[in-house]
1. Considering only the stretch 7-22, how many residues are under 15 Å from Pro91 (Cβ atoms) and either crowded, with 20+ Cβ neighbours inside 10 Å or among the basic types (Lys, Arg) (or both)?
2. Which condition does Pro112 not pass, out of (1) in a loop (DSSP other than H, G, I, E, B); (2) open to solvent by less than 70 Å² (accessible area, probe 1.4 Å); (3) of a type outside the set (Ser, Thr, Tyr); (4) touching a residue at least 60 places away in the same chain (Cβ under 8 Å), if it passes all the others?
3. Collect the residues in the stretch 117-169 that are more than 17 Å from the chain's Cα centre (by Cα) and part of a loop (DSSP other than H, G, I, E, B), keeping them in residue-number order.
4. Please go through the stretch 23-43 and pick out each residue that is part of a helix (DSSP H, G or I) and open to solvent by 50 Å² or more (accessible area, probe 1.4 Å).
5. Can you say whether Pro46 is at pLDDT below 95 and assigned to a loop (DSSP other than H, G, I, E, B), as far as the supplied structure shows?
6. Just give me the residues in the stretch 57-109 being aliphatic (A, V, I, L, M), under 14 Å from Ile3 (Cα atoms) and more than 17 Å from the chain's Cα centre (by Cα), in sequence order.
7. Picking from Ala7, Ala47, Ala16, Ala21, which residue would you name as being of a type in the set (A, V, I, L, M, F, W, C) and in contact (Cβ under 8 Å) with a residue 40 or more places away in the chain?
8. Residues being part of a helix (DSSP H, G or I), surrounded by fewer than 18 Cβ atoms within 10 Å (Cβ to Cβ) and not aliphatic (A, V, I, L, M): count how many of those fall in the stretch 49-70.
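The values are calculated or read from the model by the stated rules, or taken from the named source; none is laboratory data. Note that the structure is a prediction, hence the values are computed from the model and not measured. Virtual Cβ from ideal backbone geometry, glycine too; neighbours counted across all protein chains shown. For the accessible areas, the whole protein counts, side chains as well, though only heavy atoms, and no ligand, DNA or RNA atoms are used. Shrake-Rupley method; radii C 1.70, N 1.55, O 1.52, S 1.80 Å.
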Amino acid sequence: HKINEDARAFFQRTLASAQGASAREYLQQRGLDKQAAEKFEVGLSPADGDSLKNHLTWLGHSPDLLVSAGVVRTGDDGLYRDLFRGRLMFPIRDAHGNLVGFGARSLDGSEPKYLNTPQGPLFDKSRLLYAMHLARTDVRKDGAVIVEGYMDAIAAHQAGFKNVVAQMGTALTEHQVDEI
């Protein structure tokens, strides 16, 4: 969880920096205001492939733990590289608010359009609903509205619909329904 939180803070700072100007413009074009981006902790991963790894190792995290957390991968050459590069970053929290992974949207048209943290002990997209930690009270009161993606959920919350969550994949699973 600590590695994910440190990565989230780094991504948010990158989005707020000069490097994040075009990503902030993209968010604005999609209708997301600054308050919504901050509430949902949206960030930006640098495109260079080393910035996050370097920052997190400087904070004292070992490269192997960064791989286990799913924010760094080992290349064919044996070198550690950032998993997410040049992408809009959506922190994914479980229903209790623990940061368990990230969803990352390509901004340059590269494929895949969306890339998630790899499946692991903390991140299992078949068991998660995006924004459930924010929607939980309103879901209990008003029922849940399930939308397709992160941007849809954020836009709904921005418009005042606080009982909206997004599924984490192409099909709604039994585990996700149980979360509601």
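1. Summing the residues that are under 15 Å from Pro91 (Cβ atoms) and either crowded, with 20+ Cβ neighbours inside 10 Å or among the basic types (Lys, Arg) (or both) in the stretch 7-22 gives 7.
2. Evaluating Pro112 over (1) in a loop (DSSP other than H, G, I, E, B); (2) open to solvent by less than 70 Å² (accessible area, probe 1.4 Å); (3) of a type outside the set (Ser, Thr, Tyr); (4) touching a residue at least 60 places away in the same chain (Cβ under 8 Å) leaves (4) as the failure.
3. The answer is Gly143, Ala144, Ala159, Gly160, Phe161, Lys162, Asn163.
4. Filtering the stretch 23-43 for residues part of a helix (DSSP H, G or I) gives 23-29, 34-39.
Scanning the stretch 23-43 gives Arg24, Glu25, Gln28, Gln29, Lys34, Gln35, Glu38, Lys39.
5. no
6. Applying the first criterion (aliphatic (A, V, I, L, M)) to the stretch 57-109 yields 59, 65-67, 69, 71-72, 79, 83, 88-89, 92, 95, 99-100, 104, 107.
In the following step, the residues that additionally are under 14 Å from Ile3 (Cα atoms) were identified as 59, 65-67, 69, 71-72, 83, 92, 99-100.
If the condition is that a residue be aliphatic (A, V, I, L, M), under 14 Å from Ile3 (Cα atoms) and more than 17 Å from the chain's Cα centre (by Cα), then Leu59, Leu65 are the ones that fit.
7. Ala7
8. The total comes to 7.
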